[in-house]
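Here the structure comes first, spelled out in structure tokens, and everything after it is commentary.
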Amino acid sequence: MLEIKGFIPVSLIDYPSKICSVIFLGGCNFRCPWCHNFDLVDEKVLPNIKNIPFDYILNHIEKRKGKIDGICISGGEPTIHGQQLIDLIYEIKKKKILVKLDTNGSNPEVVEELIMKKIIDFISIDIKNIPEKYPQTIGLQNFDFSKIIKTLQIVKENKIEFQARTTLVEKIVDRTQMEKLAKKLNIDIVFQDYRRKN
């Protein structure tokens, strides 16, 4: 079973209009210099983070039935785990609970499979920046922004509930530029301010 590296029992902010628990999976295909969860990305640190038993998560869901609406799966980037992510969500859905996915949108095929299997209820897509600034923003020299567009198309065409969001990082992500991009992509976008860890 996929390793769970973090867990928040109750959150009022991670699933719009819902009360949820949050699972954090390790590993990511981006290397954003300003990442708030870099411990989950750093390959040297990640193995030292204690795994949370999946049975503990399932027991929590069972005990909280009627008090939480869903589970948010975050990271890191959950979709890099492919079939393991799918298997994890299948087990969670057996508990008759909503599942939300946080993703950077870089793996449209995985997102599409989750939708086709009808095991995902809500998707948050982090759009990091305008296409021209993606390399600087995600810490990678080459990235095909069309993957983000494809993920958005898949989500919209299948009428899955979703949210596009952007973290405003000073001197890196410009709100006006992102508003223009959102208009071009025909989406609404939610802005969140970057907060440095103390």
Condition met for G76 (at positive phi and in contact with a Leu (Cβ under 6 Å, 6 or more places away or on another chain)): yes
Residues to consider are I149, I154, I172, I160; find the one that is under 21 Å from T137 (Cα atoms), within 17 Å of the chain's Cα centre (by Cα) and in contact (Cβ under 8 Å) with a residue 12 or more places away in the chain. I149
Filter result (surrounded by fewer than 16 Cβ atoms within 10 Å (Cβ to Cβ) and not small (G, A, S)) within region 65-90: K65, K67, Q83, Q84, D87, Y90
Within region 94-138, can you find the residues that are in contact with a strand residue (DSSP E or B) (Cβ under 9 Å, 6 or more places away or on another chain) and among the aromatic types (F, W, Y)? F122
Going by the structure shown, is V110 more than 23 Å from G27 (Cα to Cα) and of a type in the set (V, I, T)? no
If we keep just the residues of region 139-148 that are hydrophobic (A, V, I, L, M, F, W, C) and at pLDDT 95 or above, which is surrounded by the fewest Cβ atoms within 10 Å (Cβ to Cβ)? F145
When the residues of region 95-134 are narrowed to those that are within 25 Å of R175 (Cα to Cα) and over 15 Å from the mean Cα position of the chain (by Cα), which ends up surrounded by the fewest Cβ atoms within 10 Å (Cβ to Cβ)? E132
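The values are calculated or read from the model by the stated rules, or taken from the named source; none is laboratory data. Here the structure is a predicted model, which means the values were calculated and not measured. Don't worry about glycine lacking a Cβ; one is built from the backbone with ideal geometry, like all the others, and counts go over all protein chains shown.
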